[in-house]
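Heads up: the structure comes next, in structure tokens.
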Amino acid sequence: MDKKRVGLIKQQFDLVIHSEASSDIEFWYARELMPLLGYERWENFDKAISRAIESCETSGIEVSDHFREVTKMVPLGSGAQRPVKDYMLTRYACYLVAQNGDPKKEEIAFAQSYFAVQTRKQELIEERISLIERTEARGRLRESEKRLSQNIYERGVDDEGFGRIRSKGDQALFGGHTTQEMKERLGVKDTRPLADFLPTVTIAAKNLATEITNFNVEEKDLQGEQAITGEHVQNNRSVRELLGQRGIKPEELPPSEDIKKLERRVKSQEKKLAAQSGKLPEQDDNT
């Protein structure tokens with residue numbers, strides 16, 4: 001997500017913040033938040049809130065401190081008003097709603113970082129979005145490589161053969177540099193996967209090549225190490241050519257921070273979030 005887009009969405013989220021002067025607690029109303037998270041129907045958004053409440057309970061955190069059902073009066077066309085269900089939500093509650101929302105929505109991806117970061121500074125939100133994008137890309141690569149391993153095992157290739165196929169694919173992607181050579185260039189220990197230290201664009205490139213290999217192995221029913229190696233090498237070469245058209249040489253990109261450290265940092269932020277969000281202010285009239 002580019003910086004301009006992040007800034008525009010952030011402005012919309014900032015406009016619907018409410019605060020209680022006596023308690024200095026920020027909170028949000030669910031119906032004001034709903035369209036900002038990409039939802040059009042309250043029924044669907046209410047389900048996401050219910051899942052978020054269940055997550056809060058499972059974590060052993062007092063639900064009433066972060067979720068409070070309230071009633072609002074909304075105007076009708078006739079000039080009359082009718083009551084509707086709404087919720088007051090702390091920052092932690094909003095984060096849980098985002099976590100339980102539709103992950104395909106761009107707004108959800110933004111919200112997960114916006115509510116997790118205990119600041120309104122855009123650069124910190126951008127940093128966390130980039131972090132999440134990288135961890136999600138790494139997760140997709142793990143799944144595609146797991147599928148490739150299963151595919152080639154079913155077609156007469158053992159674990160050592162899988163390692164050779166993957167290494168030759170890396171060599172095609174990194175302009176002739178083997179997996180081991182790339183580890184040495186980036187200072188990666190032998191015991192760690194190279195992908196844990198690659199930037200997001202390179203992880204995505206490896207995943208694209210692997211997904212194409214999986215598709216063609218299944219579609220063409222390729223058999224044996226030689227045929228599958230040829231397919232995987234060609235796909236990595238094609239992806240490398242695509243990157244080259246945009247001026248990107250993956251072997252020349254600097255290493256990124258250890259993804260395991262990033263994942264631990266994300267988890268640490270989440271654990272602190274409930275306490276840092278405070279508790280909803282005591283008030284009787286939320287209409």
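The values are calculated or read from the model by the stated rules, or taken from the named source; none is laboratory data. None of the values given here were measured: they were computed from a predicted structure. All Cβ positions, even for glycine, are placed from backbone atoms using ideal geometry, and neighbour counts span all protein chains on display.
Of the residues in the stretch 166-180, how many are modelled with pLDDT of 95 or more and part of a helix (DSSP H, G or I)? Adding up the residues that qualify gives 6.
I'm trying to understand the selection: among the residues of the stretch 168-189, which are surrounded by fewer than 15 Cβ atoms within 10 Å (Cβ to Cβ) and within 19 Å of Q234 (Cβ to Cβ)? Of everything in the stretch 168-189, those that are surrounded by fewer than 15 Cβ atoms within 10 Å (Cβ to Cβ) and within 19 Å of Q234 (Cβ to Cβ) turn out to be G175, G176, T178.
Quick check: is even one residue across the stretch 215-230 in a helix (DSSP H, G or I) and either in contact with a strand residue (DSSP E or B) (Cβ under 7 Å, 6 or more places away or on another chain) or under 27 Å from D258 (Cβ atoms) (or both)? Within the stretch 215-230 (the criterion being in a helix (DSSP H, G or I) and either in contact with a strand residue (DSSP E or B) (Cβ under 7 Å, 6 or more places away or on another chain) or under 27 Å from D258 (Cβ atoms) (or both)), the answer is no, since none of the residues qualifies.
A search for C-beta distances below 8 Å between a residue of the stretch 264-287 that is more than 17 Å from Q99 (Cβ to Cβ) and of a type in the set (S, T, Y) and any residue that is outside any helix (DSSP H, G or I) and at pLDDT 80 or above, counting only pairs 6+ apart in sequence or on different chains, returns T287/V70; T287/T71; T287/K72. The residues of the stretch 26-76 that are of a type in the set (V, I, T) and either in a helix (DSSP H, G or I) or touching a Phe, Trp or Tyr at 6+ places or on another chain (Cβ under 6 Å) (or both), listed by number, are I49, I53, T58, V63.
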